[in-house]
Amino acid sequence: MLNSTVISPKEARDLLKSTKNDEISWLKCFADGLRQEQVGNIVTYVINRNINFTNICEQHCSFCAFRRDAHQEGAFWLNLEDILAKCVLAVEKKATEICMQGGLNPEAKINGSSLQYYRQLVKGIKDNFPQLHLHAFSPQEVEFIARQDGLTYGDVILALKDVGVGSMPGTAAEILDDTVRKIICPEKLNTDTWLEIVSTAHALGMPTTSTMLCGHIETPEQQILHLSKLRSVQEIALEKNYPAKITEFILLPFVGEQAPKPLRNRVGRDQPDLQSSLKLTAVARLFLGDIIPNHQPSWVKLGLDGALQALQWGCNDLGGTLMEEHITTMAGAKGGTCLEENTIQKAIASLNRPSCQRNTLYQKC
């Protein structure tokens with residue numbers, strides 16, 4: 001182990017389960033203090049645009065209100081011209097990043113090749129906007145392309161990197177425990193495959209982020225197992241001196257208002273449990289902060305006020321302006337889809353903390 005966590009897995013689990021006010025107050029103060037010690041008081045943010053290029057998807061995750069069949073009402077599939085028009089608007093807003101992900105559309109091919117289609121998207125953006133960092137295509141999308149074309153994960157990552165993908169979103173992680181995955185996303189890649197693709201990306205020089213979809217059917221023990229697996233993949237990158245690693249951890253609380261009924265009914269609420277999300281935010285800082293120092297809440301899921309509270313429970317980054325967002329909004333989130341830069345700056349200032357624009361890789365702009 002290159003680093004040791006501030007708390008053990010058992011201590012982390014016990015803190016998540018605690019209902020004692022003094023323990024919860026201690027957790028908040030300790031996480032906030034550790035954040036200050038590890039990364040300082042500055043709250044960072046990125047000016048970016050989110051582009052979900054299609055919601056047509058072969059899979060049927062039980063938490064997803066975004067996916068559609070090809071001929072279903074509400075299905076969409078943007079062409080390159082539409083995507084480039086969105087990039088124009090992003091550049092006008094001084095964006096430094098395009099974050100692009102979409103459904104797994106089996107028809108998205110050129111000359112029978114899924115990889116050629118994805119490369120065309122990337123090349124189209126980078127040829128016209130070379131200054132934009134393209135943060136694109138999750139481990140699930142890499143697995144999909146590889147499976148469609150009979151390629152290795154490394155083949156896909158290198159081919160996308162070659163045309164301009166700069167980093168990989170660490171989404172599709174959900175909960176890294178296959179007993180949970182078999183219920184909420186049985187068609188998705190399994191835990192070991194997600195970890196393999198992320199580690200392969202690091203070895204090939206492509207940074208990734210990391211996420212956790214929380215607050216649905218998972219237990220505190222499974223939440224800590226998830227954090228432990230993220231630590232492990234980051235430790236591999238550090239121990240083997242890979243040219244890239246995980247840049248941030250993002251907690252994604254479950255929003256179920258428009259999610260399929262079976263899971264929504266099982267969870268028993270439509271919006272995130274803020275208190276549980278804040279406790280998990282703090283525990284993640286104590287468990288990951290020395291090895292994944294940048295922690296970000298989801299203002300789309302928690303709302304801006306909730307995200308500002310998370311900045312007092314261990315987070316140091318407020319994420320991006322997004323400009324548009326479909327996946328969470330279609331699930332019924334109330335946080336909105338766009339934040340102007342001055343809104344972000346004023347929100348951070350309300351906490352009496354300085355703000356700073358960063359790029360995707362946490363370099364100051």
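Nothing in this text is a laboratory measurement; each read-out follows from the coordinates by a stated rule. Note that the structure is a prediction, hence the values are computed from the model and not measured. Virtual Cβ from ideal backbone geometry, glycine too; neighbours counted across all protein chains shown.
Would you mind checking LYS161/LYS245; LYS123/LYS245; LYS20/LYS279; LYS17/LYS182 for any pair whose Cα atoms are more than 22 angstrom apart? Provide the component values of the computation, followed by the final result.
Numbers: LYS161/LYS245 15 Å; LYS123/LYS245 24 Å; LYS20/LYS279 12 Å; LYS17/LYS182 24 Å.
As for pairs spanning more than 22 Å Cα to Cα, those are LYS123/LYS245; LYS17/LYS182.
For a quick protection proxy, order the peptides 177-187, 18-28 by their average other-Cβ count within 10 Å, most packed first.
177-187, 18-28
Sorted by mean Cβ packing within 10 Å, highest first, what order do the peptides 356-365, 289-298 take?
For the peptides 356-365, 289-298, the packing ranking is 289-298, 356-365.
Beyond 15 Å, what share of the Cα-Cα pairs of segment 50-145 remains, rounded to the nearest whole percent?
In whole percent, the long-distance tail amounts to 62.
If a/c stays under 1.5 just call it rounded; otherwise compare a/b with b/c (prolate if a/b is bigger, oblate if not). Do that for segment 92-172, with a ≥ b ≥ c from the square roots of the Cα gyration tensor eigenvalues.
Verdict is prolate for segment 92-172.
Of all DSSP beta bridges in the chain, what percent run antiparallel (nearest 5)?
Roughly 10 percent of the DSSP beta bridges within the chain come out antiparallel.
Compute the Rg to Rh ratio over segment 9-357 from the alpha carbon atoms, using the Kirkwood formula for Rh, and round to two decimal places.
My calculation puts Rg/Rh at 0.94.
Given Cα pairs under 8 Å that are at least 6 residues apart, what percent is the relative contact order of the chain? Kindly include the intermediate steps, with their values, before the conclusion.
Numbers: 723 pairs, mean separation 88.5, N = 365.
Taking the mean separation of contacting Cα pairs over the length of the chain, I get 24 percent.
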